[in-house]
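What follows is a short report on a single structure.
The values are calculated or read from the model by the stated rules, or taken from the named source; none is laboratory data. Since the structure is predicted, the reported quantities are computational estimates derived from the model, not experimental observations. FYI the Cβ positions are ideal-geometry reconstructions off the backbone, even for glycines, and counts take in every protein chain you see. Just so you know, the surface numbers come from the protein's heavy atoms only, side chains and all, with ligands and any DNA or RNA stripped out. Shrake-Rupley method; radii C 1.70, N 1.55, O 1.52, S 1.80 Å.
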Amino acid sequence: MTAAEDRYDATPYLPGRGGLAALREAAAGCHGCPLHRAATQTVFGAGGTSARLLLVGEQPGDQEDRKGQPFVGPAGGVLNRALEEAGIDPDDTYVTNAVKHFKFTQSGPGKRRIHKAPDLREMRACRPWLAAELRLVDPDVVVALGATAGKALLGPSFRVTRDRGVALPLPPLDGGDDEGVVVATLHPSAVLRADDEQRAQAYAGLVADLRVAGRLLA
C-alpha cells in the first residue's frame, strides 16, 4: 500500500457531534477518497432516524448520483416491491450504501456512465460514515444487499451464495462492544441483470431473505 492509498479515510470529515442531519451535512464535503472527484455529489443514507431495519447497498448508481438520494433508480423500485411482499413497510426502514459516491467508467456514444464496483480501499475509507449511521439509527436488524455491503459489514471473507438468508452476528464497525444482527441477500440490481429465465427465481430469493429479516423484527 502506498502512502496515498493509506490516506484513504473519511474519519477527518466526520463531525464531532450532532445527529444524522449533521452527519449528512458533513458527508457532503467528504474527500476521504478520490471517488468524490468524478461523482456529482455525496449520496448519504435516507429514512427514519428510529428505523428498526437498516438496509445497506453497495454504492449509489447513476440516478442516485444525479438526485442525491439512495435507491431511487430501478434497483430501488425492485427493493421497495420486495420489501412490501416480505411484509416490511419501506417507509419504516433506513437505506444507505457502503460507499457514498458513484464509481463509474464512461464509454460509447454520449459517454454513458457505467457502474464500476468499489475496491477495498474505497470501502474502508467510507466505513466511518456507515459506522456512524449504524450507531445513530441503532436498528434491530441490518440487511446487507450484495457482496460489497456484506464485505463492508462482515469482512472480506463474506460470500453472498454461502451466507445469505440467515441471521448472522454483526460485529461493531467502530471498535465498540455492541454487536447486532445482519441478514445478507443479493443486491436488487442482480434481479434486474438476471435473464428472463432466472429473474423470477432471483426476485423470489430476495423476498425470502427479506422475510427472514422481517421475522427477526416481529
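Protection proxy ranking of 179-190, 101-112, 130-141, by the mean of other Cβ atoms within 10 Å over each peptide's residues and highest first, is 179-190, 130-141, 101-112. Evaluated on region 113-160, the Kirkwood hydrodynamic radius is 11.8 Å, with distances taken between all distinct Cα atoms.
Where nothing but the Cβ of Lys and Arg (+1) and of Asp and Glu (-1) is charged, how large is the charge dipole of the chain around its Cα centre, in debye to the nearest 20?
Details: 26 positive and 27 negative charges, 146 e Å.
So the magnitude is around 700 debye.
The residues of the chain expose on average 50 square angstrom of accessible surface per residue, using a 1.4 Å probe on protein heavy atoms.
Placing dummy labels 7 Å off each Cα toward the beta-carbon, the span from THR40 to LEU120 is 3.3 nm. Note on SER157 and GLU85: the model spin-label points, each 7 Å out from Cα along the C-beta direction, lie 3.3 nm apart. Note on the chain: with neighbouring protein chains present and a 1.4 Å probe, carbon and sulfur make up 49 percent of its accessible heavy-atom surface.
Considering only Cα atoms, the convex hull volume of the chain works out to 128 Å³ per residue. With only the Cα atoms considered, region 155-218 has a convex hull volume of 98 Å³ per residue.
Rounded to two decimals, the Cα-based Rg/Rh of region 1-66, with Kirkwood Rh, is 0.99.
For region 30-87, taking the reciprocal of the average inverse distance between every pair of different Cα atoms yields a Kirkwood hydrodynamic radius of 12.8 Å.
Taking 0.36 nm per residue of separation and subtracting the Cα-Cα distance, full extension of the segment from ARG135 to GLU197 would add 18.3 nm. Among beta bridges from DSSP that stay inside the chain, the antiparallel ones total about 40%. Determine which lysines satisfy two conditions relative to LYS111: a Cα distance under 27 Å, and not lying fewer than 8 residues away in the same chain. Leaving aside lysines fewer than 8 places away in the same chain, those within reach of LYS111 are LYS67, LYS100, LYS103. Judged by the mean number of other Cβ atoms found within 10 Å, the most tightly packed of the peptides 45-51, 194-200 leads the ranking 45-51, 194-200. Spacing of the modelled spin labels on ALA22 and SER50, each 7 Å from Cα toward Cβ, amounts to 2.0 nm.
Computed extension gain for ALA204 through GLN106, at 0.36 nm per residue and net of the alpha carbon distance, reaches 32.0 nm. Of the residues HIS31, VAL191, LEU168, the one whose Cα sits farthest toward the positive end of the charge dipole of the chain, with +1 on the Cβ of Lys and Arg and -1 on the Cβ of Asp and Glu, is HIS31.
In region 49-164, what is the volume of the convex hull around the alpha carbon atoms, normalised per residue and reported in Å³?
Working: hull volume 13.8 nm³, N = 116.
Convex hull volume per residue, Cα atoms: 119 Å³.
Taking the DSSP beta bridges with both ends in region 140-218, the antiparallel portion is around 45 percent. Relative to its Kirkwood radius, the Cα radius of gyration of region 108-218 gives an Rg/Rh of 1.01.
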